[in-house]
Every structure is written in structure tokens, then in C-alpha cells.
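Student: Before I ask anything, let me first share the structure, which is written out below as C-alpha cells.
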Amino acid sequence: MRAFFLLGLSLFVYFQTVAQSELRYTWEDEFTEVEKQKVRAWLSTTYKAVQSKIGEYPFDVYVHIHRREGKEEPCPWANTWRYPKQQIFFHIDPNYSLEEFLADWTAPHEMSHLAIPYIGEKEAWFSEGFASFLQYQVMLEMGEMTKMSIDSAYNSKFSGVLEYYRSTESVGDIAIQKRKESNYKAMYWGGANLFYQWNQQLIEKENREFSSLFQEYLKCCRKTSRGVDGVVKAIDEVYGGTIGQDLLFKFRNGESGANFKF
Ligand SMILES: [Zn+2]
């Protein structure tokens with residue numbers, strides 16, 4: 001009896017240690033075997049880069065593949081759902097090549113979203129900013145972009161929305177307003193600026209990148225941290241500082257003209 005218990009216990013420990021987060025596919029429309037292989041190659045390559053750059057997610061990711069042709073891009077629409085499972089819905093045009101899928105930012109963006117819990121609509125600028133900042137970090141890891149090309153991409157995205165962030169209102173308030181006006185680009189990149197600055201300050205002060213905090217955050221806090229404040233505090237605690245909380249305070253309360261920086 002005791003031997004069985006010990007065997008059971010060691011098997012449990014073994015599977016706990018080797019259990020890896022996996023992608024689980026649902027084909028929502030008809031796809032040929034060749035198309036399915038291409039989609040699997042695209043998403044598994046992206047997910048590997050997410051895991052090496054951000055960390056091992058403490059759950060499997062359920063991907064739903066829909067067909068949407070004729071929109072002149074490989075993945076014209078995608079979104080995530082966190083309940084009851086961690087899910088991503090990809091609407092794709094399988095006529096594009098694997099190279100074209102891999103060069104697209106959508107999968108790195110959607111997969112990055114899952115590193116933090118659902119934040120709620122009210123502060124969507126925070127979660128969209130988070131995924132928009134990380135999408136290029138993941139593409140760098142994939143070898144789809146270089147350090148130089150991500151720096152120039154951040155620069156061009158921030159320059160493109162700078163005009164909206166020169167006022168005395170806070171970055172958060174402007175981002176919320178831009179979303180109401182359906183100016184998503186302004187909302188996404190206004191939010192992303194917080195994470196860009198967080199990364200820059202961490203490199204300068206702690207000699208580490210923002211994404212390097214997630215190995216630990218995913219283990220300790222991904223399933224327990226709640227809301228923007230809870231998430232930022234938990235990430236700050238990983239390195240024992242308050243860069244994130246200080247930036248969040250400025251983005252919510254300070255003048256955007258003084259706080260939107262790149
Ligand atoms: Zn998004």
C-alpha cells in the first residue's frame with residue numbers, strides 16, 4: 001500500500017515537473033491537412049518564442065482556427081478569451097505562406113496577452129499596451145526582427161501617436177478617450193509606452209529586461225494577481241522595486257505631455 005502511495009507520489013511529482021504548457025487546436029472551419037500543418041508550424045514556432053522570451057505559461061492554450069479569406073493579410077482578426085479556458089481565436093487566410101504568417105505580429109501579440117490575467121474593459125489601454133510592447137520582443141526572439149528593427153518600430157509607433165499625448169490630461173485618460181473614438185492605434189501605443197519605459201528603466205537600474213521578470217511572475221502570481229494594480233505590484237515585487245507602480249501612477253494622474261516618453 002505504502003509502495004503504491006510512494007509510486008503514485010513520485011509519478012505525480014514527475015508529471016508536475018515535466019508538464020508543459022501546450023497548444024490545443026480546434027479547427028472551426030474546413031482546412032486541408034497541408035493548411036493545418038502550416039498553421040501548426042506558425043503557431044508552435046511563435047509559442048516556443050513566447051515561452052523562451054516570456055516564460056512557461058501555467059496552463060494550456062486553446063487555439064481556435066477560423067477561415068477568413070480576401071482581407072489582404074494572413075490573420076485579419078484575432079482575439080483572446082480567458083474563461084473558462086485560456087483561448088485564442090485566429091481568423092486566418094491559409095493562402096498566405098508560412099513565412100508571411102511568421103512575419104505577422106498578430107500571434108505574438110495575442111499570445112503575449114495571456115501572460116497577465118484579464119484586466120477588464122475600463123483599462124484596456126493597459127492590456128493592449130502590454131501585448132503591443134511584448135509583440136516585438138517575441139518577434140525579436142523568433143528572429144523575425146532585429147534589435148535595430150524593433151527599436152525603429154517602437155519609435156515609429158510612438159511618433160505616430162505622439163500628437164495625442166501632448167496635453168495636460170493623463171496618458172490613461174487620453175487612451176480611454178481614443179478607444180471611444182475607435183482610434184485603437186492611439187490607445188494601444190499610448191499604453192505600450194508605459195511598458196517601453198518600464199523596460200528602459202529596468203535595463204538602466206537593474207540590468208535586466210522587462211520580459212525577464214515573467215518566469216517568476218507566471219509561477220508566483222499569474223493566477224492570483226488581480227486588476228491593473230495587483231498585476232503591476234506583483235511584477236514589481238519580482239525584482240523588488242516600484243518602477244511599474246511609479247509609472248502607473250504617472251500614467252493615471254500625471255500630465256501626458258510630461259510622461260509619454262521614448
Ligand atoms: Zn490585443
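Student: Please go through (1) within 16 Å of the ligand (Cβ to nearest atom); (2) farther than 24 Å from CYS221 by Cβ for VAL50 and return the number of the only condition it doesn't satisfy.
Tutor: (2)
Student: Oh, and also: Which of the residues that make up segment 136-160 are in contact with a Lys or Arg (Cβ under 6 Å, 6 or more places away or on another chain) and either under 23 Å from GLY257 (Cβ atoms) or more than 16 Å from the ligand (Cβ to nearest atom) (or both)?
Tutor: Keep residues of segment 136-160 that are in contact with a Lys or Arg (Cβ under 6 Å, 6 or more places away or on another chain), which gives 137-138, 141.
Within segment 136-160, just GLU141 meets the criteria.
Student: Still on this structure, I have one more. Looking for whichever is surrounded by 14 or more Cβ atoms within 10 Å (Cβ to Cβ) and either at pLDDT 95 or above or within 27 Å of PHE59 (Cβ to Cβ) (or both) here; the options are SER225, SER152. Which one fits?
Tutor: Details: SER152 fails: surrounded by 14 or more Cβ atoms within 10 Å (Cβ to Cβ).
Step by step, each of SER225, SER152 is checked, and only SER225 is surrounded by 14 or more Cβ atoms within 10 Å (Cβ to Cβ) and either at pLDDT 95 or above or within 27 Å of PHE59 (Cβ to Cβ) (or both).
Student: Test of understanding: among LYS219, LYS233, LYS185, which residue is buried (at least 16 other Cβ atoms within 10 Å of the Cβ), modelled with pLDDT of 95 or more and among the charged types (D, E, K, R)? Walk me through it before giving the result.
Tutor: Numbers: LYS219 fails: buried (at least 16 other Cβ atoms within 10 Å of the Cβ); LYS185 fails: buried (at least 16 other Cβ atoms within 10 Å of the Cβ).
Sole residue among the options that is buried (at least 16 other Cβ atoms within 10 Å of the Cβ), modelled with pLDDT of 95 or more and among the charged types (D, E, K, R): LYS233.
Student: Only one of ASP93, ASP104 is in contact with a Pro (Cβ under 7 Å, 6 or more places away or on another chain), farther than 23 Å from ALA234 by Cβ, within 14 Å of the ligand (Cβ to nearest atom) and modelled with pLDDT of 95 or more; which?
Tutor: ASP104
Student: Against the definition (of a type in the set (D, E, K, R) and within 16 Å of the ligand (Cβ to nearest atom)), how does ARG166 come out, yes or no? Even if it seems obvious, please write down each step before you answer.
Tutor: Working: of a type in the set (D, E, K, R): yes; within 16 Å of the ligand (Cβ to nearest atom): no.
When the stated conditions are applied, ARG166 does not pass them.
Student: Out of PRO108, PRO74, I need the residue that is within 18 Å of GLU209 (Cα to Cα), buried (at least 19 other Cβ atoms within 10 Å of the Cβ), not polar (S, T, N, Q) and not assigned by TED's automatic domain parsing to the domain that holds TRP189. Which one? Working first, answer last.
Tutor: Working: PRO74 fails: within 18 Å of GLU209 (Cα to Cα).
When all the criteria are applied, what remains is PRO108.
Student: Regarding PHE133, is this residue within 13 Å of the ligand (Cβ to nearest atom), assigned by TED's automatic domain parsing to the domain that holds ILE176 and modelled with pLDDT of 95 or more? Before the answer, list the steps.
Tutor: Values: within 13 Å of the ligand (Cβ to nearest atom): yes; assigned by TED's automatic domain parsing to the domain that holds ILE176: yes; modelled with pLDDT of 95 or more: yes.
Judged against the criteria, PHE133 is a match.
Student: Residues in segment 53-71 that are away from the ligand (no atom under 16 Å from the Cβ), crowded, with 20+ Cβ neighbours inside 10 Å and either polar (S, T, N, Q) or more than 14 Å from GLU28 (Cα to Cα) (or both): how many?
Tutor: Number of matching residues: 3.
The values are calculated or read from the model by the stated rules, or taken from the named source; none is laboratory data. The structure displayed is predicted, hence computed values, not measured ones. Note that we place each Cβ from the backbone using ideal geometry, even for glycine, and neighbour counts take in every protein chain shown.
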